[in-house]
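Some notes on the structure that comes next.
The values are calculated or read from the model by the stated rules, or taken from the named source; none is laboratory data. Note that the structure is a prediction, hence the values are computed from the model and not measured. When we count neighbours, we look across all protein chains shown, and the Cβ atoms used for this are built from the backbone with ideal geometry, even at glycine.
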Ligand SMILES: [Fe+2]
């Protein structure tokens, strides 16, 4: 089995490249680590690169980048994908200091790029920007979450962290509660990407910076029950949802199989489970899910 160990990047198509660069670099505070024609590579300090903005006719997700441990043979990755009926292509020099990757389309039609773990950029964000620590997760709308979960767990080595009813699955590939979310929808596409902030004070600073730029929050701040992260959501200039979060549940001991205890958990030890669909249970506190958010 392929063993994905970390999210690499999310690549976004955009019809307004400079407007998106201004949002992700000038306000969110990712550092520009490379520019290659109509592609701009942006990094949080904790990632090699976190977001790739590519000029395209319509906004949308161009690719999800996933990393495998150093020393993993990409030829072997491609062979295993092919064993699952997935046609993989080898690509080289696809980004800054990124000599090789394997690209393929998931059963949901999502482009996925797999490459070896790379050094974090350590890039210093510009002052006066939000400056997230890292890219944390990507949430996708999929037609059949159970089928997509089977792909991520059986082919890419993810583990199921939680389900919300039977329509929303949360998967991990490391200690973070979730790295990929899968939400049932008739129209598959990226639902949101999420970046980690330092702490609650950092969330407040982020809200103040968004407010000064007249970028409204579309949900939050609040604390989720599933994953227990404090969250806010806003839209980037293309209308793509960007979540800024902190205090996401951690499973530092995979063998123990429970989340590291936190004072806001309702039970200890808290283990992966299926949460009820009661809308009040999607939040520990904060306003309920806004109308239309899941279908956004
Ligand atoms: Fe999220």
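Details
One line per residue, one yes/no per condition, for (1) within 16 Å of the ligand (Cβ to nearest atom); (2) within 27 Å of residue 256 (Cα to Cα); (3) modelled with pLDDT of 95 or more:
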| site | (1), (2), (3) |
| --- | --- |
| 181 | yes, yes, yes |
| 185 | yes, no, no |
| 198 | no, yes, yes |
| 202 | no, no, yes |
| 206 | yes, no, yes |
| 213 | no, no, yes |
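- Check on residue 203, in the same structural domain as residue 248 (by TED's automatic domain parsing), assigned to a helix (DSSP H, G or I) and crowded, with 20+ Cβ neighbours inside 10 Å: yes
- Any pair with Cβ under 7 angstrom, 6 or more apart, that starts in region 242-270 at a residue that is within 23 Å of residue 294 (Cβ to Cβ) and in contact (Cβ under 8 Å) with a residue 12 or more places away in the chain and ends at one that is more than 16 Å from the ligand (Cβ to nearest atom) and not in a loop (DSSP other than H, G, I, E, B): 246/200; 246/202
- Yes/no for residue 268 being closer than 21 Å to residue 164 by Cα and within 15 Å of the ligand (Cβ to nearest atom): no
- For the residues 171, 135, 190, the requirement of being within 15 Å of the ligand (Cβ to nearest atom), at negative phi and without any contact (Cβ under 8 Å) to a residue 24 or more places away in the chain singles out 171.
- Residues in region 95-124 that are out of contact with any helix residue (DSSP H, G or I) (no Cβ under 9 Å at 6 or more places or on another chain) and over 21 Å from residue 180 (Cβ atoms): 96, 97, 99, 119, 121, 122, 123, 124.
- Filtering region 226-235 to residues that are more than 11 Å from the ligand (Cβ to nearest atom), under 14 Å from residue 283 (Cα atoms) and touching a helix residue (DSSP H, G or I) at 6+ places or on another chain (Cβ under 7 Å) leaves only 230.
- Number of the exception - residue 291 against (1) farther than 30 Å from residue 17 by Cβ; (2) assigned by TED's automatic domain parsing to the domain that holds residue 185: (2)
- Within region 1-25, the residues that satisfy the criterion of being surrounded by fewer than 16 Cβ atoms within 10 Å (Cβ to Cβ) and either at pLDDT 95 or above or in a strand (DSSP E or B) (or both) are 3, 15, 16, 18, 19, 22.
- Filtering region 144-197 to residues that are under 30 Å from residue 129 (Cβ atoms) and outside any strand (DSSP E or B) leaves 173, 174, 175, 177, 178, 179, 197.
- Enumeration of residues in region 174-184 that are in contact with a helix residue (DSSP H, G or I) (Cβ under 9 Å, 6 or more places away or on another chain) and over 10 Å from residue 136 (Cα atoms): 182, 183, 184
- In the set 238, 260, only one residue is farther than 15 Å from residue 177 by Cα and either more than 16 Å from the ligand (Cβ to nearest atom) or surrounded by fewer than 19 Cβ atoms within 10 Å (Cβ to Cβ) (or both); that residue is 238.
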